[in-house]
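These notes are about the structure you will find just below.
The values are calculated or read from the model by the stated rules, or taken from the named source; none is laboratory data. Since this is a predicted model, take the numbers as computed values, not measurements. Backbone-built Cβ (ideal geometry, glycine too); neighbour counts: all protein chains shown. When the accessible area is computed, the model is the full protein with side chains, heavy atoms only, and any ligands, DNA or RNA have been set aside. Shrake-Rupley method; radii C 1.70, N 1.55, O 1.52, S 1.80 Å.
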Amino acid sequence: MGITCHLIDNAWNIQKRLLAYRCFNDPHTAQNISHLMFLILEEYGLTSKICSISFDNASANTCSIDGLIRICQPSICGKFFHIRCTCHIFNLCVQDGLRSLETYIKPIRTAIHYLWTHPQVMKQWGRFCKANCMMAKRFARDVPTRWNSTYKILLSTFEYKELLCGFFGQVVQSSSLYLFSNQWNICTTICEILKVFSDATDQLSGVYYPTCHLVVTHLCNVACIFCEHLNSNEPPLIDCIISMKTKWEKYFLNIHEIFLCAIVLDPRLKLDGLGELLTLYYDSLNPITDTCPSSSMILSSVRHSLTEIYTEYNAKYGSQVATQTQHTTSSIITSRLTKTQNLIRSGSSSSNLELENYLTTTFDFSNTDDEDTFEILRWWAQKKQVYHILSLIAKEILACPVSTVAVEQAFSMRGNTLDNNKIKFKI
């Protein structure tokens with residue numbers, strides 16, 4: 001079992017640490033998973049400091065959540081506690097869709113595999129390309145369990161489709177290998193759809209920048225691409241979209257509330273921006289089910305959750321924040337406004353004026369030329385003296401990873417580590 005810890009430090013930088021990499025010989029039941037995780041978290045004194053846990057979609061992982069919530073007792077009764085790996089869900093959706101298009105993709109995949117497994121044929125391919133005034137291309141290998149490898153193969157073959165058809169028709173001449181240029185026609189549209197998933201996967205796989213507030217935007221992009229191609233003239237493509245969409249609605253018809261709250265904590269969007277995104281999302285998705293949640297109900301729920309967590313954090317950290325403020329503020333320059341702010345921060349009242357102030361204030365982003373130049377962590381670092389409690393909430397939520405990529409990287413690196421069995425001395 002691998003466990004990575006993600007946090008935002010006092011300098012407002014995201015940090016990642018590998019907490020444990022343990023041999024897990026017991027049956028992977030929910031009880032055993034939660035017990036081992038408890039032992040690891042207890043070892044580091046973290047059982048009461050967990051905001052959320054990101055798991056892949058294995059059923060045992062999902063079933064272990066109830067036990068972990070009882071152990072960790074996270075904020076607002078664990079409403080934010082369990083995050084399913086978004087990239088894993090993307091993979092499930094795409095794999096379902098690609099099965100409907102196997103007739104179109106399989107010949108291309110088989111041809112590329114044939115090149116890889118026959119060195120002499122690969123040499124012939126090089127000479128054939130040179131004879132046709134093209135650079136010989138070594139195509140990427142396809143990995144059946146990785147949909148993005150199929151996407152990369154299709155992209156890389158577009159420029160060479162006529163050459164590939166000619167090569168397998170004139171040189172290889174195998175009855176089991178046949179390629180026609182029209183096979184790529186539907187693949188062009190497939191790649192347009194897969195590009196949206198690929199872009200989302202690439203960005204949401206990030207480890208050293210916040211991703212929680214980016215999820216809803218990518219969900220909207222996918223919903224829009226579904227809507228755009230659902231009325232295609234190609235029946236197999238419609239079947240593909242319906243297969244993807246069915247799986248998608250299983251996981252994303254109701255968007256996890258932590259992603260929604262993260263959007264509100266983006267000062268460029270807040271509740272109004274979230275409302276616009278939700279309207280776009282559900283209008284584009286046009287869910288098959290009749291139990292589609294309304295945007296107004298979702299916004300009301302998000303506002304209630306933020307108020308809940310603000311009240312909880314204010315009770316927990318309010319007096320601490322007030323003490324720090326008193327130490328850093330000179331009594332000589334304490335104005336009437338400062339006194340009022342201190343009363344708000346002191347936790348003596350259950351009011352949430354700091355949250356209301358944030359939600360109703362219009363911030364100026366005219367100096368930000370490009371969306372990519374806006375750094376949400378830098379913004380909150382600059383505003384932490386104004387929004388003491390809210391900045392602590394932002395720290396918790398924006399640190400949450402939306403994928404399990406960090407752990408998967410740890411497992412990949414396992415093969416590069418040296419142990420007693422791998423160290424060999426050459427004399």
For the chain: Kirkwood Rh in Å [reciprocal of mean 1/r, alpha carbons]:
25.0 Å
Ordered by residue, what ³J(HN,Hα) values in Hz, to whole numbers, does the range 161-167 give under the Karplus form 6.51 cos²θ - 1.76 cosθ + 1.60, where θ = phi - 60° and Gly and Pro are x?
4, 5, 5, 4, 4, x, 5
Result row for the chain, helices from DSSP H with C-alpha axial extent 30 Å or more and mean Kyte hydropathy at least 0.0, is 183-204
Residues listed by number, the range 84-106, amide nitrogen under 20 Å from Tyr178 label point at 7 Å toward C-beta:
101-106
Given points 7 Å out from each Cα along the Cα-Cβ axis, report the Arg138 to Glu308 separation in nanometres with one decimal.
5.5 nm
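Taking only C-alpha pairs under 8 Å that are 6+ residues apart, what is the relative contact order of the range 1-91 in percent?
24 percent
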Interchain or long-range residues, amide H under 5 Å from Leu19's placed H:
Ile3, Thr4, Cys5
So what is the accessible area of the chain per residue, in Å², with the probe set to 1.4 Å?
53 Å²
Please state the relative contact order of the chain as a whole percent: Cα pairs under 8 Å, 6+ residues apart?
21 percent
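How much length is gained if the chain between Gln31 and Leu7 is pulled fully straight, taking 0.36 nm per residue apart and subtracting their Cα-Cα distance, in nm to one decimal? Can you show the working numbers first?
Numbers: separation 24, 0.36 × 24 = 8.64 nm, distance 2.66 nm.
The span from Gln31 to Leu7 would gain 6.0 nm if fully extended.
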Rule-of-thumb check for the range 90-194: C-alpha Rg over 2.2 N^0.38 Å?
1.06
Near the amide H of Leu177, under 5 Å away, which other amide H atoms are found, from residues 5 or more places off or on another chain, if H is placed in the peptide plane?
none
Which entries in the list Lys16/Lys395; Lys250/Lys395; Lys195/Lys245; Lys16/Lys195 go over 19 Å, if you measure between the two C-alpha atoms of each?
Lys250/Lys395; Lys16/Lys195
Distance between modelled label sites at Ser319 and Ser149, nm, 7 Å Cα→Cβ extension:
5.8 nm
